[in-house]
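Notes follow the structure.
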Ligand SMILES: NC(=O)c1ccc[n+]([C@@H]2O[C@H](COP(=O)([O-])OP(=O)(O)OC[C@H]3O[C@@H](n4cnc5c(N)ncnc54)[C@H](O)[C@@H]3O)[C@@H](O)[C@H]2O)c1
């Protein structure tokens, strides 16, 4: 049984994790943090993390970028593994997470879905084999309430592909403004917004003769919550170091 402190426990992702833990014998939420409260929860919710009296094995955070520095201080003070799922972190926070990983175990991924992270590994492999003969394009689609474009996940895919390209990759987001023929080292990144789409990502490798397409479709937010809980189990025995979903995938593949 992994005992979890859940920061942002009253938010959309927090609620999904609380529900999954209620149905599981493997995880228990012993306390949470949030600036709002949820009277239905059976565990205490702290707005000031220093008041938390409960013991726990790991901290999972799905809150707000502004909250992360305080959660990191809390993790350092309690010497507990910190699974940071909150996105849009500042350069300063990213540097502090890196620094803290010499004292505590830190896990961060902008996309906690095992499926997306497998897709990224496959896209890296495809790049090694197919580039530069094939042109590379990424297409993503999300619901009509999403503020940012392209998605952070599309950028994770692009960055992973870029790492495998021997040339310096050039990201092209808006062909309308570029108005020229594509060059070999481009990664085109296109966004679609509409309805209630949870998250669609496709990496296309296109030659004159064939198209290889690697795609992922998130059906519910549960994929991120399940990935976070999988990370909680992985991290519960770790004392320090910086980890991400590649480390969990490596556990499956033995690489
Ligand atoms: N890594 C991933 O796979 C993944 C997936 C989904 C969402 N996210 C990220 O997780 C975060 C939360 O997403 P969400 O959809 O649940 O958002 P949300 O707005 O529904 O929930 C955020 C919760 O955090 C709380 N909060 C805000 N400031 C706080 C603070 N200072 N201290 C404690 N709690 C605070 C809010 O009250 C709210 O209950 C976002 O950054 C989002 O981008 C990451």
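Could you tell me which residue of segment 57-72 is nearest to residue 29 (Cα to Cα), considering only residues that are in a loop (DSSP other than H, G, I, E, B) and within 6 Å of the ligand (Cβ to nearest atom)?
Checking each candidate, the answer is 62.
Filter segment 81-139 down to the residues that are closer than 27 Å to residue 175 by Cα, assigned to a loop (DSSP other than H, G, I, E, B) and more than 17 Å from the chain's Cα centre (by Cα) and list them by number.
Selection gives 131, 132, 133, 134.
Taking segment 1-11 only, how many residues are free of Cβ contacts under 8 Å to residues at least 40 places away in the same chain and within 9 Å of the ligand (Cβ to nearest atom)?
Applying the first criterion (free of Cβ contacts under 8 Å to residues at least 40 places away in the same chain) to segment 1-11 yields 1, 9-10.
Still in the running and within 9 Å of the ligand (Cβ to nearest atom): 9-10.
The total comes to 2.
Can you confirm whether residue 68 is free of Cβ contacts under 8 Å to residues at least 40 places away in the same chain, touching a helix residue (DSSP H, G or I) at 6+ places or on another chain (Cβ under 9 Å) and closer than 30 Å to residue 151 by Cβ?
Yes: the conditions hold for residue 68.
Considering only residues that are assigned to a helix (DSSP H, G or I) and over 15 Å from residue 54 (Cβ atoms), look in segment 19-43 and name the one that is farthest from the ligand (Cβ to nearest atom).
Among residues in segment 19-43 that are assigned to a helix (DSSP H, G or I) and over 15 Å from residue 54 (Cβ atoms), the one farthest from the ligand (Cβ to nearest atom) is 22.
Determine, yes or no, whether residue 14 is near the ligand (Cβ under 10 Å from one of its atoms), in a strand (DSSP E or B) and touching a strand residue (DSSP E or B) at 6+ places or on another chain (Cβ under 8 Å).
For residue 14, the condition - near the ligand (Cβ under 10 Å from one of its atoms), in a strand (DSSP E or B) and touching a strand residue (DSSP E or B) at 6+ places or on another chain (Cβ under 8 Å) - is not met.
Select the helices (runs of 4 or more DSSP H) contained entirely in segment 153-255, then report the ones holding at least 1 residues which are within 26 Å of residue 86 (Cβ to Cβ) and either in the same structural domain as residue 88 (by TED's automatic domain parsing) or touching a residue at least 12 places away in the same chain (Cβ under 8 Å) (or both). It would help to see each step written out before you state the result.
Numbers: elements: 175-178, 222-235, 245-253.
It comes to 222-235, 245-253.
What number of residues within segment 211-229 satisfy the criterion of being more than 12 Å from the ligand (Cβ to nearest atom) and closer than 21 Å to residue 124 by Cβ?
Within segment 211-229, residues that are more than 12 Å from the ligand (Cβ to nearest atom) and closer than 21 Å to residue 124 by Cβ number 7.
Is it the case, given these coordinates, that residue 102 is modelled with pLDDT under 95 and out of contact with any helix residue (DSSP H, G or I) (no Cβ under 6 Å at 6 or more places or on another chain)?
Criteria not met by residue 102.
The values are calculated or read from the model by the stated rules, or taken from the named source; none is laboratory data. Quick caveat, the model's predicted, so the values are computed rather than measured. Counting neighbours? That spans all protein chains shown, and the Cβs are built from the backbone with ideal geometry, glycine included.
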